[in-house]
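First the structure, in the form of structure tokens, and then the observations on it.
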């Protein structure tokens, strides 16, 4: 092909794609090498402050190697976990229950008026023996009863046969 010759549109597209591919590969290579340099710096432990009270220990530990876990040490997948469809059905059930409760509450509104009449009706249902006022000697009687219980609790329990 002679210099300055015109390329067909298809050949021009191929040349453009190839150029972009080479440029992308070069960029990827340079970023990868830069990342490797960053990783090397990140792996090196930072310098230890010599005035630190644990400087000797930190220096020793920073150069030690520790056991690396293997894929064999990964525990097996748990078998007692519900599958995703079961979770979904539980969530759908909860949402339906919430909606049903909201519908029920809307259909069964509490009475909003005449609460005094309702309270009088309920007070009328209380038996008279429960509604009598507390006697004046009630506190003294309560204290005497508590004193008897304390005395009984202080006595030694009877011997078991």
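The values are calculated or read from the model by the stated rules, or taken from the named source; none is laboratory data. Keep in mind it's a predicted model, so treat the numbers as computed, not measured. Because the Cβ atoms are built from the backbone with ideal geometry, glycine has one as well, and the counts that use them run over all protein chains shown.
The set of residues in segment 70-84 being loosely packed, with under 10 Cβ neighbours inside 10 Å and in a loop (DSSP other than H, G, I, E, B) consists of 70, 74, 75, 76, 77, 78, 79, 80, 81, 83. For first residues located in segment 113-124 and at positive phi and loosely packed, with under 10 Cβ neighbours inside 10 Å, partners that are in a helix (DSSP H, G or I) and at pLDDT 85 or above and lie 6+ apart or on another chain with Cβ distances below 6 Å do not occur.
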